[in-house]
């Protein structure tokens with residue numbers, strides 16, 4: 001039986017820092033290939049993007065980035081900036097927004113894997129261009145205004161059984177999760193990414 005949306009073209013935009021904090025708080029490691037399949041949900045995948053700020057001296061990120069690229073992700077990175085007071089910053093919200101809007105003519109659905117409230121205006125603009133926009137995140141890491149404007153909300157926490165790796169599975173550890181220094185773009189590790 002055919003689903004009405006099975007011919008929709010979908011693009012998935014991963015805010016890797018936001019996803020890292022959510023996974024860390026839930027105590028899970030993520031299988032990104034299974035997560036991507038889950039988010040595509042049987043629709044035609046146009047493209048998957050992964051946005052990461054990385055420390056220039058962090059060599060442990062290379063195998064993870066290589067794995068993402070070899071498995072269909074378009075990886076966009078930016079150097080993590082370190083300030084004199086010891087804080088760090090690495091924000092790729094603008095890059096995600098530009099890529100999403102530039103892909104709008106070629107897709108039917110955009111899935112943003114982030115709960116960052118900074119994306120609320122982006123969602124509104126994308127919807128005005130005719131896209132359906134889905135937000136995939138965990139409830140505690142999702143801004144209320146983003147929940148309210150999304151065409152569909154995908155609760156990652158309630159679907160962990162689909163894409164979370166078992167704790168005993170250490171095969172290709174970097175393939176599934178880089179070290180904390182790679183993805184952490186806040187000086188306060190307990191800060192909510194949607195407040196950045």
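The values are calculated or read from the model by the stated rules, or taken from the named source; none is laboratory data. None of these values were measured; they are calculated from a predicted model. Cβ atoms come from the backbone with ideal geometry, glycine included; neighbour counts cover every protein chain shown.
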Working only within the stretch 153-174, note down all residues that are modelled with pLDDT of 90 or more and loosely packed, with under 12 Cβ neighbours inside 10 Å.
-> 158, 161
Taking the stretch 4-23 as the search range and keeping residues that are part of a loop (DSSP other than H, G, I, E, B) and modelled with pLDDT under 90, which one is surrounded by the fewest Cβ atoms within 10 Å (Cβ to Cβ)?
-> 4
From the option list 52, 94, single residue qualifying as within 15 Å of the chain's Cα centre (by Cα), free of Cβ contacts under 8 Å to residues at least 12 places away in the same chain and within 22 Å of residue 141 (Cβ to Cβ) is 94
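Would you say residue 53 is surrounded by 15 or more Cβ atoms within 10 Å (Cβ to Cβ), touching a helix residue (DSSP H, G or I) at 6+ places or on another chain (Cβ under 7 Å) and more than 23 Å from residue 165 (Cα to Cα)?
Values: surrounded by 15 or more Cβ atoms within 10 Å (Cβ to Cβ): yes; touching a helix residue (DSSP H, G or I) at 6+ places or on another chain (Cβ under 7 Å): yes; more than 23 Å from residue 165 (Cα to Cα): yes.
Yes.
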Please enumerate the residues belonging to the stretch 6-36 that are free of Cβ contacts under 8 Å to residues at least 60 places away in the same chain and under 17 Å from residue 135 (Cα atoms).
-> 36
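Yes/no matrix, rows are residues, columns are (1) more than 30 Å from residue 148 (Cβ to Cβ); (2) in a helix (DSSP H, G or I):
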{"residue": "25", "(1), (2)": "no, yes"}
{"residue": "34", "(1), (2)": "no, yes"}
{"residue": "47", "(1), (2)": "no, no"}
{"residue": "63", "(1), (2)": "yes, yes"}
{"residue": "66", "(1), (2)": "yes, yes"}
{"residue": "75", "(1), (2)": "yes, no"}
{"residue": "97", "(1), (2)": "no, yes"}
{"residue": "118", "(1), (2)": "no, yes"}
Could you please find all residues in the stretch 24-50 being surrounded by fewer than 16 Cβ atoms within 10 Å (Cβ to Cβ) and out of contact with any strand residue (DSSP E or B) (no Cβ under 9 Å at 6 or more places or on another chain)?
-> 24, 25, 27, 42
What is the one condition in (1) more than 24 Å from residue 32 (Cα to Cα); (2) touching a helix residue (DSSP H, G or I) at 6+ places or on another chain (Cβ under 7 Å); (3) without any contact (Cβ under 8 Å) to a residue 24 or more places away in the chain that residue 149 does not satisfy?
-> (3)
Condition broken by residue 122, with the remaining ones in (1) surrounded by fewer than 22 Cβ atoms within 10 Å (Cβ to Cβ); (2) outside any loop (DSSP other than H, G, I, E, B); (3) touching a strand residue (DSSP E or B) at 6+ places or on another chain (Cβ under 9 Å) satisfied | (1)
Taking the stretch 97-119 and keeping only residues that are surrounded by fewer than 18 Cβ atoms within 10 Å (Cβ to Cβ), within 25 Å of residue 20 (Cβ to Cβ) and touching a residue at least 12 places away in the same chain (Cβ under 8 Å), one is left with 101
